[in-house]
Amino acid sequence: MIPISVVQVGGEEEDLVLEVLRSGNLGQGPKVAELEQIFSEWIGVEHVVAVNNGTTALIAALQALEIGAGDEVITSPFTFVATLNAILDTGATVRFADIALDDFLLDPAMLFDVMGERTRAVLPVHLYGQAADVPRILEIIGSRDIALVEDAAQAHGARIGGRAVGSFGVGCFSLYATKNFTTGEGGLITTSDAALADRLRLLRNQGMRKRYEYEIPGYNYRMTDVQAAIGIPQLQRAEAVTAARQRNAAWLTDALDGILGLVTPQAHAGRNHVFHQYTVRITQDAPVTRDEFIERLGELGVGCGIYYPRAVYDYACYRDHPRVVADHTPNAEQAAREVVSIPVHPALTESDRARVAECVRKAVGA
Ligand SMILES: *Cc1c(COP(=O)(O)O)cnc(C)c1O
């Protein structure tokens, strides 16, 4: 079986973790600071605040912006549920701007219909590792007092015109076990605003700058040095690992060209894609249904996944939620019926890659 994701950690991670274990300093310490420093250089953003997971990164970013009850946050309806849960946690109301079907990303033009007087933040999701059209979103926000929070949980190192996602607004990254880079559980917040970074650091550590001197009510959002030790060597290899994903994706797109009813992902000019997932659409033109495709692919020994099977608001607990406005988003609902992600991870060998393409062709009946 070729799995949909593989964790690649080795001797360097083992050595660093052992070093931390032997240091006796298992909490947040120098390794977390080092991880923040490496990420800040890679992303090209002044301040990085490490936290215990990506959901916390989103919550803390919204809290630091003082978004709460009575405010509205607009996000993509086609995302992992954490995006929605984080907004709800702050007490704000969630609204949705539909995606474009060709890239699964929040369509900036859809913002006009949902942006209003109570909108305090727009929260695009760089889904599957592809950069959302942040410059256009910023243009539409214009001079309004609306913050940009980027859900970059899947998009470490994705760039728009050379500038990394997470450097346009407040960036929220995840280091969960299946993401492009991992600390098991972990998150990173990026900002070029020194005051906001300071506030994030206070929120992370019970509102303390000096021990037992509380400046604001805070939380425990801290990452541990054990986690950071797993992440540091991975970030040092970040460019090579990302390039391997991109090579696999380009190869698959060539190999899967011209199949009836199968649409391969396309990167936009000037906005790159770091391929956290390689996601195709099985459309109505295909000789098989998506369910049949997935079943056959599994029988042929190729792992796949549906990210995500429904629009994020399309569950009773959100449909009935007083702070979730289920704006009509037909493209997200169609994407949810058509998407399938297939292996693209850097551990794929050339023969794995060839087998993935061959099995996809067979499974779709081409
Ligand atoms: C993984 C993910 C998150 C949450 O990150 P965790 O580290 O799992 O808390 C948020 N948004 C998106 C789009 C994600 O993929």
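Tabulated results
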item: Given (1) among the hydrophobic types (A, V, I, L, M, F, W, C); (2) over 30 Å from Arg281 (Cβ atoms); (3) surrounded by 21 or more Cβ atoms within 10 Å (Cβ to Cβ), index of the condition Leu196 fails; result: (3)
item: Residues of the stretch 151-174 that turn out to be in contact (Cβ under 8 Å) with a residue 40 or more places away in the chain, within 16 Å of the ligand (Cβ to nearest atom) and not aliphatic (A, V, I, L, M), as a count; result: 9
item: Residue in the stretch 45-55 that is more than 30 Å from Asn248 (Cβ to Cβ), free of Cβ contacts under 8 Å to residues at least 60 places away in the same chain and within 14 Å of the ligand (Cβ to nearest atom) present; result: no
item: Selected residue (only one of Ala240, Ala177 is exposed (fewer than 15 other Cβ atoms within 10 Å of the Cβ), more than 15 Å from the ligand (Cβ to nearest atom) and under 29 Å from Ala354 (Cα atoms)); result: Ala240
item: Selection count where residues are outside any helix (DSSP H, G or I) and touching a helix residue (DSSP H, G or I) at 6+ places or on another chain (Cβ under 9 Å), scope the stretch 85-118; result: 17
item: Extreme residue, farthest from the ligand (Cβ to nearest atom), among residues of the stretch 129-150 that are of a type outside the set (A, V, I, L, M) and out of contact with any Pro (no Cβ under 7 Å at 6 or more places or on another chain); result: Ser143
item: Among (1) surrounded by fewer than 17 Cβ atoms within 10 Å (Cβ to Cβ); (2) not in a loop (DSSP other than H, G, I, E, B), the one test that Ala60 misses; result: (1)
item: Conditions (1) among the hydrophobic types (A, V, I, L, M, F, W, C); (2) surrounded by 22 or more Cβ atoms within 10 Å (Cβ to Cβ); (3) more than 13 Å from the ligand (Cβ to nearest atom); (4) in a helix (DSSP H, G or I); number of the one not met by Ile74; result: (4)
item: Failed condition for Gly303, given (1) surrounded by fewer than 15 Cβ atoms within 10 Å (Cβ to Cβ); (2) modelled with pLDDT of 95 or more; (3) among the small types (Gly, Ala, Ser); result: (1)
item: Boolean, Asp352 is surrounded by fewer than 18 Cβ atoms within 10 Å (Cβ to Cβ), at pLDDT 95 or above and under 21 Å from the mean Cα position of the chain (by Cα); result: no
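The values are calculated or read from the model by the stated rules, or taken from the named source; none is laboratory data. Quick caveat: nothing in here was measured; it's all calculated off a predicted structure. Every residue, glycine among them, receives a Cβ derived from its backbone with ideal geometry; neighbour counts consider all protein chains shown.
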